[in-house]
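The values are calculated or read from the model by the stated rules, or taken from the named source; none is laboratory data. Every value quoted in this text rests on a predicted model; they were computed, and no experiment measured them. Note that we place each Cβ from the backbone using ideal geometry, even for glycine, and neighbour counts take in every protein chain shown. Remember, those area values only see protein heavy atoms, side chains included, never the ligands or the DNA or RNA. Shrake-Rupley method; radii C 1.70, N 1.55, O 1.52, S 1.80 Å.
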Amino acid sequence: MTVAVVGSGPAGLAAADQLNQMGHKVTVYERADRIGGLLMYGIPNMKLEKDTVQRRVNLLKEEGIEFVTNADIGKNVDVNEVKANYDAMCLTMGATKPRDLPIPGRELKGVHFAMEFLTKNQKRLLLTKEGKLESSWDKENFITAAGKDVIVIGGGDTGTDCIGTSMRHRCKSVTNFELMPQPPNERAPNNPWPQWPRVFGVDYGHAEVIAVFGKDPRVYSVLTKEFIGDEDGNIKALVTQDVELTPEGPKAIEGTERERPCDLCVLSMGFLAPEGYMIKELGLDVDQRNNIHASHGDYRTSVEGVFAGGDCRRGQSLVVWAIHEGRGVADATNKFLMQKRASERQNYRSAKFANLSSLSSMQ
């Protein structure tokens, strides 16, 4: 039977692989120009070589999976047409709506979301490797950190990747703002095993900054209040304020405002939910966080024949969770398709028997 997988990140590839091995005809739709999603454009080369991703994609192609790129389902491809042409749909398009920072000056040139910065950098590297840079590179819209004072707002893996990428651009300086206070060196009493250890650590991006500039790039307990621009509309500085942690959450400390030079600001504050246009077109139910509503282990959405898994269902998470959910979606979809096939066969037999009965009565 036929299955459309929407999104070619780790969840989509895992689902497609398993469904293909179960004997279904699988087509994967990807809105970008290359297959891989987060694996291709979200994770920099220094953490994941793209040859590794492409090798896996090539193997899946050889196994019979069809890939369609530049297919933005719900925009340049009719989502209802896709649904009508397949026996089932698997939605694995990730949680790609970034958390914004709506403060004065947000419209200034030089303020970008993390994925915008990382994706454009990765596209340039791929074009360079393929010898297509001169003919295909959109130089005017490229985001460079070369020679600039860079500030990354938000931590986590994505923030670290933005730091590491800025270093490879040979930035003038790079600073990383964290709203929360610096974590302890060892587990706190309220953070026992087996909980995730909320302790201070040094990732590769931090270590590179320390090696080059002599100090850790992270500044803790700081809130960004305003972006300041020059006469041409380019960002030139940030106004920050120190915060303290209270029972009600972080609270700004009066009199601690400070202006910090900044030529490039990268917003890396996580992702809120999947983008909603496809969800709206299909009429899917969502949860309180605007993720697609589908129970873990079941993965069925509110529309029959449509399943969801990965970040678009559970929220922003790790690649290993996406792979796990992709396999779960495949199992749930396969169960649905087997039931659908059995029902179709039963209906066919019933219709055939009814026709034979009618012929006998005519004799």
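Observations on the structure shown:
- Only one of the numbered conditions (1) closer than 26 Å to Phe113 by Cβ; (2) at pLDDT 95 or above; (3) exposed (fewer than 15 other Cβ atoms within 10 Å of the Cβ) is not met by Thr256, and that is (1).
- Qualifying residue in region 111-128 (condition: open to solvent by 70 Å² or more (accessible area, probe 1.4 Å), at pLDDT below 95, under 20 Å from Arg31 (Cβ atoms) and not in a loop (DSSP other than H, G, I, E, B)): yes
A quick yes/no check of all residues on (1) polar (S, T, N, Q); (2) closer than 27 Å to Ala95 by Cα; (3) open to solvent by less than 60 Å² (accessible area, probe 1.4 Å):
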| residue | (1), (2), (3) |
| --- | --- |
| Asn234 | yes, no, yes |
| Ala237 | no, no, yes |
| Val243 | no, no, yes |
| Gly249 | no, yes, yes |
| Pro274 | no, yes, yes |
| Met278 | no, yes, yes |
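- Residues that are closer than 25 Å to Leu108 by Cβ, open to solvent by less than 30 Å² (accessible area, probe 1.4 Å) and either modelled with pLDDT under 95 or in contact with a helix residue (DSSP H, G or I) (Cβ under 6 Å, 6 or more places away or on another chain) (or both) occur at least once in region 210-227.
- Matching residues in region 180-208 - criterion: being closer than 22 Å to Thr240 by Cβ, touching a residue at least 24 places away in the same chain (Cβ under 8 Å) and within 26 Å of the chain's Cα centre (by Cα): Met180, Gly205, His206
- If you filter region 138-154 down to residues that are open to solvent by less than 20 Å² (accessible area, probe 1.4 Å) and part of a loop (DSSP other than H, G, I, E, B), you find that the one that is nearest to Leu127 (Cα to Cα) is Ile143.
- The conditions of being in contact (Cβ under 8 Å) with a residue 12 or more places away in the chain, closer than 30 Å to Leu238 by Cα and within 19 Å of the chain's Cα centre (by Cα) are not met by Leu91.
- Taking residues in region 272-297 that are acidic (Asp, Glu), and partners anywhere that are surrounded by fewer than 18 Cβ atoms within 10 Å (Cβ to Cβ) and in a strand (DSSP E or B), the pairs with Cβ atoms closer than 9 Å and at least 6 places apart or on different chains are Glu275/Lys97.
- For region 170-196, residues that are out of contact with any Phe, Trp or Tyr (no Cβ under 9 Å at 6 or more places or on another chain), crowded, with 18+ Cβ neighbours inside 10 Å and part of a loop (DSSP other than H, G, I, E, B) total 1.
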